[in-house]
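Reviewing the structure listed below.
The values are calculated or read from the model by the stated rules, or taken from the named source; none is laboratory data. This one's a predicted model, so the numbers in the text were calculated from it and none came from an experiment. Every residue, glycine among them, receives a Cβ derived from its backbone with ideal geometry; neighbour counts consider all protein chains shown. Protein only, heavy atoms only, side chains kept; ligands, DNA and RNA dropped before computing areas. Shrake-Rupley method; radii C 1.70, N 1.55, O 1.52, S 1.80 Å.
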Amino acid sequence: MELSKNYVPNEVEARWYEHWLRKEYFNSTPDEREAYTIVIPPPNVTGVLHMGHCLNNTIQDILIRRARMQGKNACWVPGTDHASIATEAKVVGMLREKGITKSSLTRDEFMAYAWEWKDKYGGIILQQLKKMGCSLDWNRVSFTMDETYYRSVIRVFIDLYNKGWIYRGKRMINWDVKAKTALSDEEVIRKQTKQKLYYLKYLVDDGQPIGSGNIASVENGRAYVTIATVRPETIMGDTAICVHPKDERYKHLHGKRVIVPLINRSIPVITDEYVTMEFGTGALKVTPAHDMNDYQLGQKHNLQVVDIFNEDGTLNEAAEICIGQERFEARKSIIKLLEEGNHIEKTEDYTSEVGYSERTDVVVEPRLSLQWWVSMGKLSEPALKAVMEEHIRFFPPKFRNLYRNWMENIRDWCISRQLTWGHRIPAFYAPDGSFVVAENAEAALEQFTKQGSGVRLDELWQDNDVMDTWFSSWLWPFEVFKGFSDPGNKEIRYYYPTNTLVTAPEIIFFWVARMIMAGFEYMGEKPFHNVYFTGIVRDKQGRKMSKSLGNSPDLLGLIDQYGADAVRFGIMIASPAGNDILFDESSLEQGRNFNNKLWNALKLVKMWEGRKDRESSDVNRESGKITEASRLKPPNFAINWFANRLNQVRSEVNEMMEQFRLSEALKTIYSLIWDDFCSWYLEWVKPGFEQPVDAEVYEKTVAYFEELMELLHPFMPFISEEIYHLLGDHTDDLCVKQTVAPAATNKHLLEAGQLLKEVISALRDARNRNQVKPKDTIKLHIQTKRKKGYAAIENILRKQVNAESVNYTDETIAGSIVVAVEDEKFFIETEQQLDATAIKAELLKDLAHQQGFLDSVIKKLSNERFVQNAKPEVVELERKKQ
RNA sequence: GGGAGCAUAGCUCAGCUGGUUUAGAGCAUCUGCCUUACAAGCAGAGGGUCCGCGGUUCGAACCCGUGUGCUCCCACCA
């Protein structure tokens, strides 16, 4: 068969993925084997594949494929997340294009559009994962709003409510005035923002009437207090002024009242140690309705709460002035009014962090609102313990500290969202405002009736809010196996706890921590044994990849250009667990080059296929002459050495994989293939041009190559499968080939191989330095105590350094290039004119290095305290160096 | 403000229990090669104040202290 010059991935990839699917290799059902389970972190239905997914899913596929080849029942569950905010935004956008506003639709109508959108676009990302070679069990695709899943989410809500852990409370929340929704703390992005700090004068209320109209001026002679604020538009919500109790400047104000400018409301001066005396003027305006801290202060001091904003961020009647204006408009108007009234003492530029909505990028408004909350105290206890006691292991372990810190300071979780797409809160209200929590209206009515309420079914209405998306995805590891909806079923018993969760550290609190909590609460067992945290994929300059920066490469384009294996290689080669990856296309090039290297090695071996010769020996391969050395069949050394080297690396790779050192494992395999196999082994056994190849050499080489492909397969599944089949007529597939444990290795043989490599490199270096042309042959003289050992490798050595002859000598050969490796000496005799001074300089440099090394050893050994204190084996080691 | 982490070659990273470490790898660079598998290649080479300072130790890239710089998380002062 004619093989193309270079490896062409696209056709190969499509063909093999199709084949694997047809053979149903990725499908799993419970059986007697050990299960190895991974649930995919469900991407948003709105998502398209990006570099983060690429990294994350490549890692999962490596783990799953490896487990599959180790005889485990590998099950990787795919699925998507309904992503309420993101999806609703998409659907609203789509409707807008059609000229439909969301408010003109009923809930059911909107949901119909949303489902239509989901069915049309929601599966794109899963299709893209196939291009990457991901071996997901496609019979198990789950969605967080599947019928039973949906019902489970509702029932979990009801259960937690009945346990008293879900409550409805008026709390200060982050409000997105554009999306008109509550945001979780995690959805608020804090950004340094330039602002102005206004110093406002509040008159002390001395019982004197304020000037006419409703704008009071600060008149000469009247006492006032100055406060600093960046939000003058909220002064109408002020219900107190607060100073530090120990602040001497304001002691005279204790117990007094002051007057809010413009609206002339009289408010008390309170004292609290919360106030920082050094900041601003040391006097703080307290606006409980519009600031998190002020709210807490207000509660502590029993202050009135005056909410001056509507839900869209415009001012309401309670503001008394500027009613209907948008908050930033109102700020301008108020400043103007304050200036007119001489209430502004001064303004300063000021930079501080302001919260912005992750979704709409508008400034978040702290707002009092009735929301649904989960009290986290009880839930977090076992979840914290499991990680601290390493029942769940984190890779890298440094994230345990982060986790503990958060879990120990955990706050209640606001789970209601003012959206339509999602799991609707199962609370039903009667016209009098009372409510019950129930699975449906009929069940709700039953409860009302039991309570003695005479409410009718048609009078009940259900809460319009939906739940935070994470309130569904925290059930993911067990509900994909129906562990909650069908407790104790065969699948959940077999697959749960899952083995490894692979995810980004960014969502350790959003998702990982909550899954652990839900797992313990509903399955009585942790959801996974290990958590592998990937890094964040950044661009070359270290910036996070984002749509707005436009630095996010088109992944499918990259797969087209380089091939999926090369992309997998490129993303994995330099990404230890937990380390951010500075993504650079050059690593994909490296992957593509590696593909080619494999391809060319295949071409070489295939060339031998028709030329194997059972009768041949090294004799006719070299020159036809029978010599003493050639009867020793030098390739035996190469064959035996590589068998050992292969086993050695396989053990190393096993160890690395156990420790989740994936990129190191890949590097090790890369080097085994490129250096040991291609650069050394193949060169050592390669017959001369158009010479036949020894049948044993051929067969062993093919076997080694197949083993290498087996080792590589989890990382680069397509090319390894392709080469495996091109190497031989296999009826099985590498994808499901069962790996046997690596054999023990022969230490001496490995050391001999290492020495041979070093000798060859040293001799080549000497040739290079002395400008001996590659084509020019040399005469090699070896001064060694181990002549016997050289017999086995002499032919390899001769070929590798282009020597026309190899002799053994006890004496120095005059006029030759001297090379020393360990305690062996080599003399290169050549026609080449030698530069004696250069050679001497080289030798002296080397001697100095050796001497320095020796000196350090002698120094150590002559140090009595070293000999006394160091471990005997260490001393022994140093003695040997001498 | 509280917490965590990082700093090793131009770049990305190894270096696990302090001792074969006068510190390694890949990429990049340089030199020489179109050598019948591969120039997307081959053969070699150069490249380091292990962030600074102090300490512990017979011995420190590694342990301790401290300083500097960077990253992330949490909480935030109006």
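Computed values, structure above
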{"quantity": "Residue match in the stretch A:572-585 (condition: in contact with a Pro (Cβ under 7 Å, 6 or more places away or on another chain) and either modelled with pLDDT of 90 or more or not aromatic (F, W, Y) (or both))", "calculated": "yes"}
{"quantity": "In the stretch A:315-332, residue most open to solvent (accessible area, probe 1.4 Å) [restricted to those that are small (G, A, S) and touching a residue at least 60 places away in the same chain (Cβ under 8 Å)]", "calculated": "A:A318"}
{"quantity": "Residue list for the stretch A:568-595, restricted to those being aromatic (F, W, Y) and either near RNA strand B (Cβ under 8 Å from one of its atoms) or part of a loop (DSSP other than H, G, I, E, B) (or both)", "calculated": "A:F583, A:F594"}
{"quantity": "Where A:L445 falls short, out of the listed (1) at pLDDT 95 or above; (2) crowded, with 22+ Cβ neighbours inside 10 Å; (3) in contact with a helix residue (DSSP H, G or I) (Cβ under 6 Å, 6 or more places away or on another chain)", "calculated": "(2)"}
{"quantity": "Count of the stretch A:586-626 residues which are in contact with a Gly (Cβ under 9 Å, 6 or more places away or on another chain), at pLDDT 75 or above and not aliphatic (A, V, I, L, M)", "calculated": "7"}
{"quantity": "Condition broken by A:E722, with the remaining ones in (1) modelled with pLDDT under 95; (2) within 16 Å of RNA strand B (Cβ to nearest atom); (3) not in a loop (DSSP other than H, G, I, E, B) satisfied", "calculated": "(1)"}
{"quantity": "Condition broken by A:G355, with the remaining ones in (1) at pLDDT 85 or above; (2) crowded, with 17+ Cβ neighbours inside 10 Å; (3) assigned to a strand (DSSP E or B) satisfied", "calculated": "(1)"}
{"quantity": "Residues located in the stretch A:689-718, provided they are closer than 15 Å to A:A566 by Cα and either touching a Gly at 6+ places or on another chain (Cβ under 7 Å) or within 12 Å of RNA strand B (Cβ to nearest atom) (or both)", "calculated": "A:P717, A:F718"}
{"quantity": "Single condition A:A438 does not satisfy, out of (1) closer than 30 Å to A:W76 by Cβ; (2) open to solvent by less than 30 Å² (accessible area, probe 1.4 Å); (3) small (G, A, S)", "calculated": "(1)"}
{"quantity": "Selection from the stretch A:263-293 of residues that are within 18 Å of A:E365 (Cβ to Cβ) and either out of contact with any Leu (no Cβ under 8 Å at 6 or more places or on another chain) or near RNA strand B (Cβ under 7 Å from one of its atoms) (or both)", "calculated": "A:K285, A:T287, A:H290, A:D291, A:M292, A:N293"}
{"quantity": "Residues of the stretch A:773-800 satisfying the condition of being open to solvent by less than 50 Å² (accessible area, probe 1.4 Å) and near RNA strand B (Cβ under 9 Å from one of its atoms)", "calculated": "A:Q800"}
{"quantity": "Positions within the stretch A:506-529 being under 15 Å from the mean Cα position of the chain (by Cα) and open to solvent by 20 Å² or more (accessible area, probe 1.4 Å), in sequence order", "calculated": "A:E506, A:I507, A:F509, A:F510"}
{"quantity": "Residue list for the stretch A:139-179, restricted to those being assigned to a helix (DSSP H, G or I), among the basic types (K, R) and closer than 14 Å to A:M467 by Cβ", "calculated": "A:R151, A:R155"}
{"quantity": "Total residues in the stretch A:510-567, condition assigned to a helix (DSSP H, G or I), within 30 Å of A:E13 (Cβ to Cβ) and out of contact with any helix residue (DSSP H, G or I) (no Cβ under 6 Å at 6 or more places or on another chain)", "calculated": "4"}
{"quantity": "Selected residue (criterion: most open to solvent (accessible area, probe 1.4 Å)) from residues of the stretch A:414-434 that are modelled with pLDDT of 95 or more and part of a strand (DSSP E or B)", "calculated": "A:R424"}
{"quantity": "Scan of the stretch A:471-494 for residues that are of a type outside the set (D, E, K, R) and buried (at least 24 other Cβ atoms within 10 Å of the Cβ), ordered by number", "calculated": "A:F471, A:S472, A:S473, A:W474, A:L475, A:W476, A:P477, A:F478, A:V480, A:F481, A:G483"}
{"quantity": "Extreme residue, least open to solvent (accessible area, probe 1.4 Å), among residues of the stretch A:663-688 that are within 30 Å of A:F533 (Cβ to Cβ) and near RNA strand B (Cβ under 9 Å from one of its atoms)", "calculated": "A:S663"}
